[in-house]
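None of the figures in this text is laboratory data; all of them are computed from the coordinates on show. Bear in mind that the values here come from a model prediction, so they are computed numbers and not experimental data. No Cβ is skipped: glycine too gets one built from the backbone with ideal geometry, and neighbour counts run over all protein chains shown.
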Amino acid sequence: MKMKKWNKIKIFYFSISICPSGCKPEGWKQKISRLFPIKNSKIVLNFKSAFIFPFILKIINPENVTNNPEPIVVYAFSMFVLSLIVLLCIINVMGYVLSLYLISKYDIESKYPKLKKILIYFTKSTEITIIIEGIIAINFLLAIIIINFFLFTKLTL
């Protein structure tokens, strides 16, 4: 919960990323206002996802495919999803590496000594995240290669 002072009115921001099925934003707003009864405040709910993968799948809308699609359609969609996961992992790794590079280039630790502990924690956690994202990307690339290898060797025999 973040609090900002703006024109002497306290505004509370809540980010709710997952809403149970059948809920409405008004219901959440009423529940939150009952939990935090504050006078002269405005509650703003941000319903947003932190991931791009569900957004892309929503655009594609795989539910439009018939109940019994052809095997080539299933294969194409599965290869697309695996390739998309690899692409997003690589983009994340590039972003993490860029952030570490910018932190070291502009020497933020010496300019802002109060942030030194936070920056050390950020760099260590980012290095771990880079390793995890890299492992995920390599595993999915290997899955794509192995699936295609076995599929094409089976088709050629």
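Quick one: length gained pulling Met94 to Thr129 fully straight, 0.36 nm per residue minus the C-alpha distance?
11.4 nm
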| request: Using only C-alpha positions, report the orientation-averaged shadow area of the convex hull of the range 53-156, nm², one decimal. | output: 9.1
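How much length, in nm to one decimal, is gained on full extension between Ile108 and Phe80, taken as 0.36 nm per residue of separation minus their Cα-Cα distance? Walk me through the numbers on the way to the answer.
Details: separation 28, 0.36 × 28 = 10.08 nm, distance 4.00 nm.
Length gained between Ile108 and Phe80: 6.1 nm.
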| task | Output the peptides 149-156, 103-110 sorted from most to least packed, where packing is the average of other Cβ atoms within 10 Å over each peptide's residues. | result | 103-110, 149-156
